[in-house]
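All remarks here apply to the structure that follows.
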Amino acid sequence: MPLTKLARLAQETPLRVLLINAGEPDALTWAGLFQPLRLAAKILGPERLHVDVRSPDKFAADAQRHWHLVLLVADEAQASLKPANSRILIERCRAAPFWGGVGAGVLWLADAGVLNGVRTALPWALYAEVDTVADRAMFTPNLFEIDDNRLTCCGGAASIDFALNLVEIIFGAGVQARIKETLCIDRVRGKEERQRVALQARFGALQPKLTEAVTLMEANIEEPLSTDDIANLVGISRRQLERLFKQYLGSLPSRYYLELRLQRARQLLLDTHYSIVQVGLMCGFSSGSHFSTAFGALFGNTPREERQRKLAAPPA
């Protein structure tokens with residue numbers, strides 16, 4: 001994962017993170033991102049992590065400082081209030097080794113054309129605002145995305161999950177566990193989990209067959225349907241179905257379906273006491289070895305390791 005570079009860097013030097021607050025300070029998108037990172041800085045101390053906050057104007061004028069990670073943040077309600085100096089602002093963001101946006105900040109970056117070809121998590125409510133330039137980004141229905149050195153998050157409550165995932169990747173599960181305890185958070189959602197209404201919001205009216213196909217997949221996790229079955233049920237050919245998935249979701253139906261089942265399996269491993277064998281069966285895997293291999297390919301660890309890692313997070 002690209003963020004492992006930041007994790008290695010954080011072992012050698014204090015990691016400098018800059019959050020550009022282009023929205024309201026009491027917005028959920030901002031608070032959900034800032035508070036976990038603020039707590040992480042408090043736990044780790046300035047010798048490990050330093051979190052700076054700037055307004056757009058102050059950041060654009062401050063050309064002397066350098067940060068390892070820069071995020072442009074605004075609540076989706078502020079999408080129409082793009083900063084007047086946005087071009088300079090975005091260029092300065094891109095000067096950092098890692099950069100991206102949260103909430104409306106994602107739309108502003110996409111509008112500038114700097115996310116072309118990048119897997120991008122855009123707030124579902126802003127899909128209607130996407131223009132021709134922005135649409136060159138590969139918008140996904142996920143809560144957040146990390147594509148090479150570019151990070152995007154749909155904002156809202158997902159900002160909390162995004163921040164806590166960053167903390168775990170860079171500083172470890174122990175630090176994340178302490179923040180979760182302080183904030184009374186029971187479960188952290190991963191980047192693969194989806195904005196539940198995103199697909200309907202973006203494609204429902206224009207691509208009802210695509211939405212119907214995904215709905216069928218979500219309703220048939222334990223006993224998966226074949227691609228041919230899904231195509232027949234929605235009334236199109238297999239080739240048409242594959243074309244829709246490739247064009248709008250950047251994936252084949254079979255791959256998308258497999259990821260849905262694995263995401264459900266991960267949720268069950270984290271939130272229930274079902275055995276690993278039971279979880280595999282509940283998500284359509286008749287073979288334990290197939291379940292473990294597929295899970296590892298998507299998440300980077302086995303089902304057993306996933307459960308043990310969450311149950312026994314080491315202290316910071």
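Please verify whether the stretch 237-250 includes one or more residues that are of a type in the set (Ser, Thr, Tyr) and under 27 Å from SER287 (Cα atoms). Looking for residues that are of a type in the set (Ser, Thr, Tyr) and under 27 Å from SER287 (Cα atoms), one finds none in the stretch 237-250, hence no. With respect to LYS42, is the statement that it is touching a helix residue (DSSP H, G or I) at 6+ places or on another chain (Cβ under 8 Å) and open to solvent by 40 Å² or more (accessible area, probe 1.4 Å) true? No; evaluated as a whole, the condition is false for this residue. Residue pairs whose Cβ atoms lie under 6 Å apart, sitting 6 or more positions apart in sequence or on different chains, and linking a residue in the stretch 68-93 that is under 26 Å from ARG48 (Cα atoms) to a partner that is of a type in the set (Lys, Arg), are HIS68/ARG16.
Within the set LEU28, LEU18, LEU9, LEU71, the sole residue that is of a type in the set (A, V, I, L, M) and under 16 Å from the mean Cα position of the chain (by Cα) turns out to be LEU71. Scanning the stretch 1-16 for residues that are modelled with pLDDT under 85 and in a loop (DSSP other than H, G, I, E, B), we see that the one that is most open to solvent (accessible area, probe 1.4 Å) is MET1. Taking the stretch 17-102 and the helices (runs of 4 or more DSSP H) fully enclosed by it, the elements with 1 or more residues that are closer than 18 Å to LEU122 by Cβ are at 28-44, 86-94. Just for the stretch 248-289: of the residues that are aromatic (Phe, Trp, Tyr) and open to solvent by 30 Å² or more (accessible area, probe 1.4 Å), which one is nearest to ALA231 (Cα to Cα)? Ranking the candidates gives TYR248 first.
A Cβ distance below 8 Å, combined with a sequence gap of six or more or placement on separate chains, defines the contacts here; from the stretch 124-145, residues that are touching a residue at least 40 places away in the same chain (Cβ under 8 Å) reach residues that are of a type in the set (Ser, Thr, Tyr) and surrounded by fewer than 21 Cβ atoms within 10 Å (Cβ to Cβ) in the pairs PHE139/TYR127.
The values are calculated or read from the model by the stated rules, or taken from the named source; none is laboratory data. Bear in mind the structure is a predicted one, so any value in this text is a computation, not a measurement. FYI the Cβ positions are ideal-geometry reconstructions off the backbone, even for glycines, and counts take in every protein chain you see. Note: areas computed on protein heavy atoms with side chains; ligands, DNA, RNA excluded. Shrake-Rupley method; radii C 1.70, N 1.55, O 1.52, S 1.80 Å.
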